Amino acid sequence: MCGIAGILRFGGPTPPEGAMREEILAMTARLAHRGPDGRGAFARGGVALGHARLAIIDLSESGAQPMRTTDDRLAVTFNGEIYNHRELRAELEAEGFAFRSGSDTEVILHAWDRWGEDCVDHFQGMFAFALCDFRLERLFLARDHAGIKPLFYRRGPGFFAFASELSALRAVNAPPPRGSLQNVDYFLRFQYVPAPRTIFSDVFQLRPAHCLRVGLDGREQEPRRWWRVRFAPEPPRRAAEVREEVRAALTRAVSRSLVADVPVGIFLSGGLDSSVVAMEAARLADLPPTAFSIGFGDRAKDELPWAEQAARTLSLELRSEVVEHASLDILPELLDHYGEPFGDASAIPSWYVARLARREGIKTVLSGDGGDELFGGYERFLAWARGGKWAAARRSELWRDIRFGRMKTLRDWIDGFGFGPEAWTRFVCFAFWPQRARLWRPELRHLADTPSGPFLLSWVHARKSGKGRSMALPQSMDYENYLPGAVLAKVDRASMAHGLEVRPALLDRELTEAAARLPEICKHDRGRSGKLVLKEILRERFDSAFVDRPKQGFGIPRGKWLSPGARGWEMLGDLLLAGRSPLHDWFEPGEIERHIRMHERGLDNSQHTWLLLVLALWADRNPDISFTETPGSPPEGGGA
């Protein structure tokens, strides 16, 4: 687990090697928190690769990066873990490849020699890497199947640059990237900017399970998808047979995730997903992992008592901490790590629980992320399964769309009631069209009308899987969008701010494919309760009171923390009511104040005020960014 960066210069005289090293060192310096155990740089011709190291596998210097072959033909910088690196090493050694280290990074180099671009399909784990093949004059970038590890890239006049975090791309010797107001509207809709876009018009994310080839002359090929899960429920089978299949895949997934040369901890929120991972880890680990949890002192949001019960049941040592509204003071620093507005408020407790684990000397932890998406745990999934077109209509206050003239055609009407992409967008939208249209100044109001390209592309694929009210359709939509864009991005940036690696064991590729095949009756009982197969596994150790309780989630008491007298209210006043924020150039000042005053009067409008607060904080900390209306297009049209 590390931070990676790189820069390719082309189209002119080859830059001096010293200048390339200086530039790449400036980029990797922005990633020092991701890799406190060492820093490396490599420059040759117009290529420079950088690396900030967090040593988890092969702690010796032989695992240092960027790593090269003995003939300097290949060089790689790699972030993540290849869990099956020992098996791949044995296979490659049997074919005559010689290894100099025990590092999984070296496996990538030899796997490239053996399988070329298809090497990514042989890797079990989480990864983002860039490999330069000087003989083929090619730079190859790849990202893991679920999007656990991030990878951003930017193309400008005469250069192509990439990095684990957006902040490193700001260190490139080039004018600052330009912000996109269209992407601001996407943020208001979803609380994050869906990949491949970012808040910037000329900086992009490589989407999960995609790879990208760039010639050393600067020519790019369109990003290519190397893997895709298909949520295709099988016909009903005996429950015991299904449970054992998932149980076996779960055991192998957790076993793979425990591979490390350092002690492994676990995030134990008290929810079902982290509890089932903890249950397996406690059974499989040589030493019981230390568990870490966060509380809020608010019974409506606090799962700490359940985490304590789970730790007692599994005989795990639990370290915990309670965070209060003053904890919001870390929000500006946290947003710097995201590099763009990010509205999932659970990033706050994620930051604190990561700090807690790191202070205890832990470098890597397991988590339960992905359980809701894979096994059908979200309430919106259940609403869809119950007959979600009416739920969608209620959720979106559809009459407002009619009143504001949003629905102009029969297609608008059909989509709104549940037969097109808008149907699922309504379930995951945070600020609906009426709110956004009122917020933007008149000359910018058209930005609220533009569909989100990634959602439209995902819908085409999801419709092949999910027929009618099957959970497969919303699962597919969330797996491709919400999971990598919100859940995994949140955890990666919040944890790596402290140099902590998080391994979402449930997102193991084998387990993902097993979950995608689950018969519908193993996911939910007519839309009343979800994650049935995980609950049956948990009953091996936990009682019904623990397993069958209502879902709580992992969010802060946002409404309370933004109320008058709390720290969030002070921040809203300082940034937005004072009228000095750039947001007043984009949005109607009266509408901004209306949202805040609603909350002041006791009407919980925290969902919207939180997004405005995050956006205002980010804009305040990035005054050098100018904005354009257009969102920009990924190079070669790669992925909308």
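The values are calculated or read from the model by the stated rules, or taken from the named source; none is laboratory data. Small disclaimer: the values here were computed from a predicted structure and weren't measured. Using ideal geometry, Cβ is built from the backbone for each residue, glycine included, and neighbour counts are taken over all protein chains shown. What goes into the accessible areas is simple: the full protein's heavy atoms, side chains included, and nothing from ligands, DNA or RNA. Shrake-Rupley method; radii C 1.70, N 1.55, O 1.52, S 1.80 Å.
What pairs come up if the first residue lies in the stretch 614-630 and is more than 14 Å from Gly339 (Cα to Cα), the second is surrounded by 14 or more Cβ atoms within 10 Å (Cβ to Cβ) and of a type in the set (Phe, Trp, Tyr), and their beta carbons are under 9 Å apart, counting only those six or more places apart or on different chains?
Phe627/Trp586
How many residues are at pLDDT below 90 and either of a type in the set (A, V, I, L, M, F, W, C) or more than 19 Å from Pro564 (Cα to Cα) (or both) when one looks only at the stretch 583-598?
2
Which members of the stretch 83-98 meet the condition of being in contact with a Lys or Arg (Cβ under 8 Å, 6 or more places away or on another chain), surrounded by fewer than 20 Cβ atoms within 10 Å (Cβ to Cβ) and free of Cβ contacts under 8 Å to residues at least 40 places away in the same chain? Even if it seems obvious, please write down each step before you answer.
First, pick out the residues of the stretch 83-98 that are in contact with a Lys or Arg (Cβ under 8 Å, 6 or more places away or on another chain): 83-84, 92, 95, 97.
So of that shortlist, the ones also surrounded by fewer than 20 Cβ atoms within 10 Å (Cβ to Cβ) come out as 84, 95, 97.
Within the stretch 83-98, Glu95, Phe97 meet the criteria.
Can you report the number of residues in the stretch 505-521 which are open to solvent by 10 Å² or more (accessible area, probe 1.4 Å) and within 20 Å of Ala253 (Cα to Cα)? Steps first, answer last, please.
At the first step, the residues of the stretch 505-521 found to be open to solvent by 10 Å² or more (accessible area, probe 1.4 Å) are 508-510, 513, 517, 520-521.
If we keep only those that are within 20 Å of Ala253 (Cα to Cα) as well, we get 508-510, 513, 517.
Count: 5.
Residues to consider are Ser315, Ser274; find the one that is under 21 Å from Ala486 (Cβ atoms) and touching a residue at least 12 places away in the same chain (Cβ under 8 Å). Before you say what the answer is, go through the steps one by one.
Details: Ser315 fails: under 21 Å from Ala486 (Cβ atoms).
Matching residue, one of Ser315, Ser274: Ser274.
Confirm whether Pro194 is assigned to a loop (DSSP other than H, G, I, E, B), surrounded by fewer than 23 Cβ atoms within 10 Å (Cβ to Cβ) and at pLDDT below 95. Full working, then the answer.
Numbers: assigned to a loop (DSSP other than H, G, I, E, B): yes; surrounded by fewer than 23 Cβ atoms within 10 Å (Cβ to Cβ): no; at pLDDT below 95: yes.
For Pro194, the condition - assigned to a loop (DSSP other than H, G, I, E, B), surrounded by fewer than 23 Cβ atoms within 10 Å (Cβ to Cβ) and at pLDDT below 95 - is not met.
What are the residues in the stretch 433-483 that are within 24 Å of the chain's Cα centre (by Cα) and within 18 Å of His524 (Cβ to Cβ), if any?
Within the stretch 433-483, Ala462, Ser465, Gly466, Met471, Ala472, Leu473, Pro474, Gln475, Ser476, Met477, Asp478, Tyr479 meet the criteria.
Name the pairs: first residue in the stretch 320-336 and at negative phi, second residue outside any helix (DSSP H, G or I) and hydrophobic (A, V, I, L, M, F, W, C), Cβ to Cβ under 7 Å, at least 6 apart or on different chains?
Ser320/Ile294; Glu321/Ile294; Val322/Phe296; Val323/Ile294; Val323/Phe296; His325/Ala566; Leu334/Ala497; Leu335/Phe342
Is one or more of the residues making up the stretch 257-265 crowded, with 24+ Cβ neighbours inside 10 Å, farther than 25 Å from Met477 by Cα and touching a Ser or Thr at 6+ places or on another chain (Cβ under 6 Å)?
Of the residues in the stretch 257-265, the ones crowded, with 24+ Cβ neighbours inside 10 Å are 257, 265.
With the extra rule that they be farther than 25 Å from Met477 by Cα, the set shrinks to 257, 265.
Filter again for touching a Ser or Thr at 6+ places or on another chain (Cβ under 6 Å), leaving 265.
Within the stretch 257-265 (the criterion being crowded, with 24+ Cβ neighbours inside 10 Å, farther than 25 Å from Met477 by Cα and touching a Ser or Thr at 6+ places or on another chain (Cβ under 6 Å)), the answer is yes, since at least one residue qualifies.
Across the stretch 225-255, what is the number of residues that are at pLDDT 90 or above, in contact with a helix residue (DSSP H, G or I) (Cβ under 8 Å, 6 or more places away or on another chain) and outside any loop (DSSP other than H, G, I, E, B)? Let's see the steps before the verdict.
First, pick out the residues of the stretch 225-255 that are at pLDDT 90 or above: 225-231, 245-255.
With the extra rule that they be in contact with a helix residue (DSSP H, G or I) (Cβ under 8 Å, 6 or more places away or on another chain), the set shrinks to 226-231, 245-247, 249-255.
Then keep just the ones that are outside any loop (DSSP other than H, G, I, E, B); that gives 245-247, 249-255.
So the count comes out to 10.
If you take the residues in the stretch 486-501 that are in a loop (DSSP other than H, G, I, E, B) and hydrophobic (A, V, I, L, M, F, W, C), which one is surrounded by the most Cβ atoms within 10 Å (Cβ to Cβ)?
Once the filter is applied, the top-ranked residue is Leu500.
Among the candidates Ser544, Ser529, which residue alone is open to solvent by 40 Å² or more (accessible area, probe 1.4 Å) and among the small types (Gly, Ala, Ser)? Please lay out each step first, then the result.
Working: Ser529 fails: open to solvent by 40 Å² or more (accessible area, probe 1.4 Å).
Being open to solvent by 40 Å² or more (accessible area, probe 1.4 Å) and among the small types (Gly, Ala, Ser) holds for just one of Ser544, Ser529, which is Ser544.
Give the residue that is modelled with the highest pLDDT, with candidates limited to residues of the stretch 344-361 that are surrounded by 22 or more Cβ atoms within 10 Å (Cβ to Cβ) and not in a helix (DSSP H, G or I).
The qualifying residue modelled with the highest pLDDT is Asp344.
Let me confirm something: among Pro36, Pro16, which residue is open to solvent by 50 Å² or more (accessible area, probe 1.4 Å), at pLDDT below 90 and of a type outside the set (Ser, Thr, Tyr)? Step through it out loud before you land on a result.
Values: Pro16 fails: at pLDDT below 90.
Going through Pro36, Pro16 in turn, just one is open to solvent by 50 Å² or more (accessible area, probe 1.4 Å), at pLDDT below 90 and of a type outside the set (Ser, Thr, Tyr): Pro36.
Would you please name the residue that is surrounded by the fewest Cβ atoms within 10 Å (Cβ to Cβ), looking only at residues in the stretch 71-82 that are touching a residue at least 24 places away in the same chain (Cβ under 8 Å), farther than 17 Å from Ala146 by Cα and not aliphatic (A, V, I, L, M)?
Asp72
Does at least one position in the stretch 105-120 carry a residue that is open to solvent by 10 Å² or more (accessible area, probe 1.4 Å), closer than 28 Å to Pro36 by Cα, touching a Gly at 6+ places or on another chain (Cβ under 8 Å) and touching a residue at least 12 places away in the same chain (Cβ under 8 Å)?
No, the stretch 105-120 has no match at all.
Given the conditions (1) touching an Asp or Glu at 6+ places or on another chain (Cβ under 7 Å); (2) surrounded by fewer than 24 Cβ atoms within 10 Å (Cβ to Cβ); (3) at pLDDT 95 or above, which single one is not true for Leu483?
Failed condition: (2).
Within the stretch 527-553, which residues are assigned to a helix (DSSP H, G or I) and hydrophobic (A, V, I, L, M, F, W, C)?
Step one: list which residues in the stretch 527-553 are assigned to a helix (DSSP H, G or I), which gives 532-538, 544-547.
Leu532, Val533, Leu534, Ile537, Leu538, Ala545, Phe546, Val547, listed by residue number.
Counting only residues that are among the aliphatic types (A, V, I, L, M) and without any contact (Cβ under 8 Å) to a residue 12 or more places away in the chain, which one in the stretch 197-249 is surrounded by the fewest Cβ atoms within 10 Å (Cβ to Cβ)?
Within the stretch 197-249, the first condition is being among the aliphatic types (A, V, I, L, M), and the residues that meet it are 199, 203, 206, 209, 212, 214, 216, 229, 232, 239-240, 242, 246, 248-249.
Retained after the next criterion (residues that are without any contact (Cβ under 8 Å) to a residue 12 or more places away in the chain): 240, 248.
Working: Ala240: 9, Ala248: 13.
The selected residue is Ala240.
Identify, by number, the condition in (1) more than 21 Å from Gly530 (Cβ to Cβ); (2) open to solvent by 30 Å² or more (accessible area, probe 1.4 Å); (3) touching a residue at least 40 places away in the same chain (Cβ under 8 Å); (4) in contact with an Asp or Glu (Cβ under 7 Å, 6 or more places away or on another chain) that Phe296 doesn't meet.
Every condition holds for Phe296 apart from (2).
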